[in-house]
């Protein structure tokens, strides 16, 4: 079953910080990694290191703006 580029971008926009769009496109390991960074970032926010993890997720999320269409297209094959 093919993956929709539009659906991948909807997931990227609303749940991208959790890596759901990557899991949808078949990139489960990196999606789980993104989810882990987000959760770990919030859990360590009290000791201020969490900001670095959340910043990393934010940058990754923005880079995925350009990569999501390619990931969805390759998942169609």
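Quick note: the coordinates plus some simple rules give every number you see, no bench work behind them. These figures come from a predicted structure and were not determined experimentally. In this analysis, Cβ positions are derived from the backbone assuming ideal geometry, glycine residues included, and neighbour counts consider all displayed protein chains.
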(request) Please give the number of the condition residue 60 fails out of (1) over 22 Å from residue 2 (Cα atoms); (2) surrounded by fewer than 19 Cβ atoms within 10 Å (Cβ to Cβ). (result) (2)
(request) Just give me the residues in the stretch 1-19 being free of Cβ contacts under 8 Å to residues at least 60 places away in the same chain, in contact with a helix residue (DSSP H, G or I) (Cβ under 6 Å, 6 or more places away or on another chain) and more than 14 Å from residue 58 (Cα to Cα), in sequence order. (result) 11
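Residue-by-condition table, conditions (1) surrounded by 12 or more Cβ atoms within 10 Å (Cβ to Cβ); (2) in a helix (DSSP H, G or I); (3) in contact with a strand residue (DSSP E or B) (Cβ under 7 Å, 6 or more places away or on another chain):
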| site | (1), (2), (3) |
| --- | --- |
| 16 | yes, yes, no |
| 26 | yes, no, no |
| 38 | yes, yes, no |
| 46 | no, yes, no |
| 54 | yes, yes, no |
| 65 | yes, yes, no |
| 72 | yes, yes, no |
